[in-house]
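Comments concern the structure below.
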Amino acid sequence: MNFEQLVKQIENVHSELQHFAVRQVNNSLTMRNILIGYYIVEYEQNGLDRANYGANTIRLLAERLKQIKGISATQLYRFRDFYSTYPAIFSTVSIKLQSADFKLNTILPTVSGKLITHKANEFSFEPEVLLSNLSFSHFVELLNIDEELKRSFYEVQSIKNNWSARELNRAINTMLFERTGLSSDKELVLSNFKTDSTNSILEVVKNPYFLEFIGLEEKPSYNETDLETAITNHLQEFLTELGRGFCFEARQKRITFDNKHYRIDLVFYHRILKCHILIDLKIGSFDHADAGQMNMYLNYFSKNEKTDGDNPPVGIILCADKNDALVEYTTTGLSNEVFVSKYMVQLPSKAELESFISRELNQLKKHEE
């Protein structure tokens with residue numbers, strides 16, 4: 001070994017063990033969080049004095065634990081949801097800690113002297129694999145998904161493709177699960193997502209958008225224009241979906257400020273409410289900037305489009321997903337009425353999706369063997 005080789009060897013050892021240390025810290029953090037989630041749920045169900053604290057338990061707990069960095073009411077709610085969503089991971093953590101030299105062993109949950117265990121999800125990896133490969137930041141993204149099969153899809157793809165939490169977030173926001181399910185060439189959709197990682201934010205956001213009644217012809221991908229065209233071609237179904245009283249007025253309504261153009265996706269007039277209804281179509285999740293933009297549209301309509309007898313215009317942001325807390329904090333106090341609605345997607349049969357995810361999972365397990 002010469003001197004340059006010695007330098008290289010030390011750099012490699014440092015890099016590898018640094019990454020190992022980070023993984024260990026992340027793993028320990030995840031275990032801590034799911035244990036805290038268990039303790040909260042257990043207290044809420046069986047605490048001797050829980051009636052004294054009631055709905056304020058988590059808020060009061062956050063105040064008492066504020067000396068612990070990173071512990072807040074929001075995080076405590078998240079830990080509770082983590083335990084409720086991933087009980088099988090909790091069982092794995094309990095077993096790991098019981099076999100280790102931890103003082104926590106004396107307070108781990110047991111029934112008749114045996115550890116409580118939970119069944120793993122058949123369409124995902126074993127809990128130990130999830131725990132070893134995903135950070136808590138990954139789990140935070142996954143907890144926003146209500147449907148178990150959809151969550152399993154993202155678990156499998158995250159581990160298969162070694163996604164960062166940010167890449168997982170992008171996959172969810174660009175509806176990779178829905179696009180993969182609706183496509184006849186599922187591998188192509190997944191492959192396109194992998195090669196798409198260097199695209200700009202605008203390219204990422206302008207991704208497929210689906211509504212079940214539209215009947216778009218099947219393609220590997222769609223854009224927002226495809227959606228708007230399909231909606232205007234199926235106005236009767238779309239108006240029925242919206243509810244009674246909507247009258248179509250304009251698509252891509254252009255408004256201009258100092259030669260800068262903005263376009264409102266769809267404009268309706270509501271004959272019962274006697275006001276304009278502006279609809280903004282969003283690919284992916286609701287963002288706080290969406291509310292600001294809609295508020296600007298509404299101010300413009302109030303000043304320039306509203307006529308005598310009209311009520312103030314109303315805005316609807318139609319998005320693939322939304323965080324209720326973010327919506328509340330963003331829209332409260334606005335001078336106009338802004339509503340955020342989540343559209344639903346009609347997927348192929350559940351059996352078809354289960355079969356695809358199972359194939360992906362089995363291929364990975366065979367590869368590891």
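Points worth noting:
- Listed by position, the helices (runs of 4 or more DSSP H) enclosed by the range 47-101 that each have at least 3 residues that are more than 26 Å from the chain's Cα centre (by Cα) are 57-64, 87-99.
- All of (1) at negative phi; (2) surrounded by fewer than 16 Cβ atoms within 10 Å (Cβ to Cβ); (3) at pLDDT 80 or above hold for residue 167 with one exception: (2).
- Filtering the range 130-163 to residues that are assigned to a loop (DSSP other than H, G, I, E, B) and open to solvent by 50 Å² or more (accessible area, probe 1.4 Å) leaves 144, 146, 147, 162.
- Of the residues making up the range 253-267, just one is in contact with a helix residue (DSSP H, G or I) (Cβ under 7 Å, 6 or more places away or on another chain) and more than 15 Å from residue 305 (Cα to Cα), namely 265.
- Only listed residue being within 27 Å of residue 324 (Cα to Cα) and at pLDDT 85 or above, chosen from 144, 162: 144
Here's the yes/no breakdown for (1) under 20 Å from residue 257 (Cα atoms); (2) touching a Pro at 6+ places or on another chain (Cβ under 6 Å); (3) small (Gly, Ala, Ser):
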{"position": "300", "(1), (2), (3)": "yes, no, no"}
{"position": "303", "(1), (2), (3)": "yes, no, no"}
{"position": "307", "(1), (2), (3)": "no, no, no"}
{"position": "310", "(1), (2), (3)": "no, no, no"}
{"position": "315", "(1), (2), (3)": "yes, no, yes"}
{"position": "318", "(1), (2), (3)": "no, no, no"}
{"position": "324", "(1), (2), (3)": "no, no, no"}
{"position": "331", "(1), (2), (3)": "no, no, no"}
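- Scanning the range 1-16 for residues that are exposed (fewer than 10 other Cβ atoms within 10 Å of the Cβ), at pLDDT 80 or above and not polar (S, T, N, Q) yields a single hit, 4.
- Candidate set: the range 268-285, residues that are under 30 Å from residue 168 (Cα atoms) and either of a type outside the set (S, T, N, Q) or out of contact with any strand residue (DSSP E or B) (no Cβ under 7 Å at 6 or more places or on another chain) (or both); chosen: the one most open to solvent (accessible area, probe 1.4 Å): 282
- Here residue 127 fits the description: modelled with pLDDT of 85 or more and open to solvent by less than 20 Å² (accessible area, probe 1.4 Å).
- Residue-level analysis places residue 33 outside the set of residues that are more than 21 Å from residue 98 (Cβ to Cβ), part of a helix (DSSP H, G or I) and open to solvent by less than 80 Å² (accessible area, probe 1.4 Å).
- Residue count for the range 297-313, restricted to those that are surrounded by fewer than 16 Cβ atoms within 10 Å (Cβ to Cβ) and part of a helix (DSSP H, G or I): 3
- Matching residues, the range 220-256, being at pLDDT 80 or above and open to solvent by 70 Å² or more (accessible area, probe 1.4 Å): 248, 249, 251, 254
- Restricting the first member to the range 161-186 and to residues that are of a type in the set (Asp, Glu), and the second to residues that are part of a helix (DSSP H, G or I) and surrounded by fewer than 21 Cβ atoms within 10 Å (Cβ to Cβ), the beta-carbon pairs closer than 8 Å and six or more apart or on different chains are 167/161.
- For the range 100-118, the count of residues that are buried (at least 18 other Cβ atoms within 10 Å of the Cβ) and either touching an Asp or Glu at 6+ places or on another chain (Cβ under 9 Å) or at pLDDT below 85 (or both) is zero.
- Sole residue being over 17 Å from residue 139 (Cβ atoms) and modelled with pLDDT of 85 or more, chosen from 48, 76, 65: 65
Here's the yes/no breakdown for (1) modelled with pLDDT of 80 or more; (2) out of contact with any Lys or Arg (no Cβ under 9 Å at 6 or more places or on another chain); (3) open to solvent by 50 Å² or more (accessible area, probe 1.4 Å):
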{"site": "266", "(1), (2), (3)": "yes, no, no"}
{"site": "287", "(1), (2), (3)": "yes, yes, yes"}
{"site": "315", "(1), (2), (3)": "yes, yes, no"}
{"site": "321", "(1), (2), (3)": "no, no, no"}
{"site": "324", "(1), (2), (3)": "no, yes, yes"}
{"site": "342", "(1), (2), (3)": "no, no, yes"}
{"site": "353", "(1), (2), (3)": "no, no, no"}
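- Here residue 279 does not fit the description of being aliphatic (A, V, I, L, M) and in contact with a helix residue (DSSP H, G or I) (Cβ under 6 Å, 6 or more places away or on another chain).
The values are calculated or read from the model by the stated rules, or taken from the named source; none is laboratory data. Since the model is a prediction, treat every value here as computed from it, not as a measurement. With ideal geometry, Cβ positions are generated from the backbone for all residues, glycine too; neighbour counts draw on all protein chains shown. Surface accessibility is based on the protein's heavy atoms, side chains included, excluding ligands, DNA and RNA. Shrake-Rupley method; radii C 1.70, N 1.55, O 1.52, S 1.80 Å.
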